[in-house]
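The values are calculated or read from the model by the stated rules, or taken from the named source; none is laboratory data. Since the structure is predicted, the reported quantities are computational estimates derived from the model, not experimental observations. So basically every Cβ, Gly included, is an ideal-geometry build from the backbone, and we count neighbours across all protein chains shown. Keep in mind that these areas ignore ligands, DNA and RNA; they rest on the heavy atoms of the full protein, side chains included. Shrake-Rupley method; radii C 1.70, N 1.55, O 1.52, S 1.80 Å.
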Amino acid sequence: MKLATLKHGSRDGTLVVVSRDLTLCQTVGDTAPTLQQALDNWDAVLPALELVYDTLNLGASQQSARHAIPFEPRHCHSPLPRAYQWADGSAYINHVELVRKARGAELPPEFHLDPLMYQGGSDSFVGPCDSVMACDEAWGIDFEAEVAVVTGDVPIGATPEQGAKAIRLLMLVNDVSLRNLIPAELAKGFGFLQSKPASAFSPVAVTPDELGMAWKGTKLHLPLTVELNGEAFGKPNAGVDMTFNFGQLVAHLAKTRELEAGTIIGSGTVSNKQGGLFGSSVANGGVGYCCIAEVRMYETIEEGKPKTPYMQFGDRVRIEMKDEKGVSIFGTIDQTVERCIPAV
């Protein structure tokens, strides 16, 4: 099943069920006005939502789908416009290893045993076609293409197996980073804050059963494609080189706290191991990257300094995942960087 949130109604938007081919949608206010309400009552509302989904997939010509309307991603908010919790992991150790290698630091062995994770701001996500807002290009504006899961209620101390069973939905995410603000924040020893502005999620969230054999071992085994200003930038497989699966990430977060329905957990930047700067780009036959920082790391390691600039005002990033038949699963995150004028 596929679900989305349209930008009307309350600040939490209006929940719609979306057809598998992303052409039609239908409101389900009598069942669940918002996605959070659906997640709070998942077992009770699931049959009704699935019935609408099945009807939509038969096509708008069906009498029972007479309330369907065209699905327009530009009218969407993130599936959850705000969430009780957003925690982002760093499950691809290759990405972490490159970061540390670029500054001459070794990767601690425990990084392979215990996931990295930070608590992000979840009070105001932005829509998949909304702009990335920044006040200064000097902040080092970067995208980070990731996969994320949305959970139901998870008990404290949950096992990875329990964590896997609690996964209700999957989405894509652009976890924007302001790279040049990060070092000073991390130096304080208290983690990210100003360097992590609002994230954007894919137009559609999908249930794991929609993914078929691509959803295996609580990893999503499909390429995540990124375009920057119309050029192919990355296509790494999200199921490859993922050190910690989503069941493990959920359990990590739940070690000392229970998780409420609607908790979002990100994978961190998708990253595949490659043979170096020359062969890693899409243009040179590699799978490319899911953030600008990663190519800058290769440049630093192999050429002594980074050359690729971070995003500038007017730059555009597109993030998407397609199934084996080339059909978009989640719709496209399509964002342009826009100058933010601070309030006075």
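Tabulated values for the structure
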| item | result |
| --- | --- |
| Elements of type helices (runs of 4 or more DSSP H) in the stretch 244-330, at least 1 residues being under 19 Å from the mean Cα position of the chain (by Cα) and either at pLDDT 95 or above or within 17 Å of Gly152 (Cα to Cα) (or both) | 246-253, 292-303 |
| Any hit, the stretch 147-164, residues being modelled with pLDDT under 95, touching a Leu at 6+ places or on another chain (Cβ under 8 Å) and open to solvent by less than 50 Å² (accessible area, probe 1.4 Å) | no |
| Thr159 vs. criteria over 20 Å from the mean Cα position of the chain (by Cα) and hydroxyl-bearing (Ser, Thr, Tyr) | yes |
| Selected residue [farther than 19 Å from Phe125 by Cα, in a helix (DSSP H, G or I) and open to solvent by 20 Å² or more (accessible area, probe 1.4 Å)] from Leu46, Leu56, Leu98 | Leu46 |
| Looking only at the stretch 251-275, and only at residues there that are in contact with a helix residue (DSSP H, G or I) (Cβ under 6 Å, 6 or more places away or on another chain) and of a type in the set (Gly, Ala, Ser), the one that is nearest to Phe125 (Cα to Cα) | Gly262 |
| The stretch 128-186: number of residues that are outside any loop (DSSP other than H, G, I, E, B) and not polar (S, T, N, Q) | 35 |
| Evaluation of Phe233 against (1) in a loop (DSSP other than H, G, I, E, B); (2) of a type in the set (Phe, Trp, Tyr); (3) under 18 Å from Gly268 (Cα atoms) (one fails), failing number | (1) |
| Residue pairs meeting the criteria (Cβ under 8 Å; at least 6 apart or on separate chains; first without any contact (Cβ under 8 Å) to a residue 60 or more places away in the chain, in the stretch 19-31; second open to solvent by 20 Å² or more (accessible area, probe 1.4 Å) and assigned to a strand (DSSP E or B)) | Thr23/Pro70; Leu24/Ile69; Leu24/Pro70; Cys25/Ile69; Cys25/Pro70; Gln26/Ile69; Thr27/Thr14; Gly29/Thr14 |
| Pick from the stretch 13-40, criterion open to solvent by 40 Å² or more (accessible area, probe 1.4 Å) and in contact with a helix residue (DSSP H, G or I) (Cβ under 6 Å, 6 or more places away or on another chain), ranking: farthest from Val327 (Cα to Cα) | Thr31 |
| From the options Gln26, Gln36, residue that is in a helix (DSSP H, G or I) and either within 15 Å of Lys2 (Cβ to Cβ) or of a type outside the set (Lys, Arg) (or both) | Gln36 |
| Any hit, the stretch 236-258, residues being under 19 Å from Ala145 (Cα atoms), surrounded by 15 or more Cβ atoms within 10 Å (Cβ to Cβ), out of contact with any Cys (no Cβ under 6 Å at 6 or more places or on another chain) and without any contact (Cβ under 8 Å) to a residue 40 or more places away in the chain | yes |
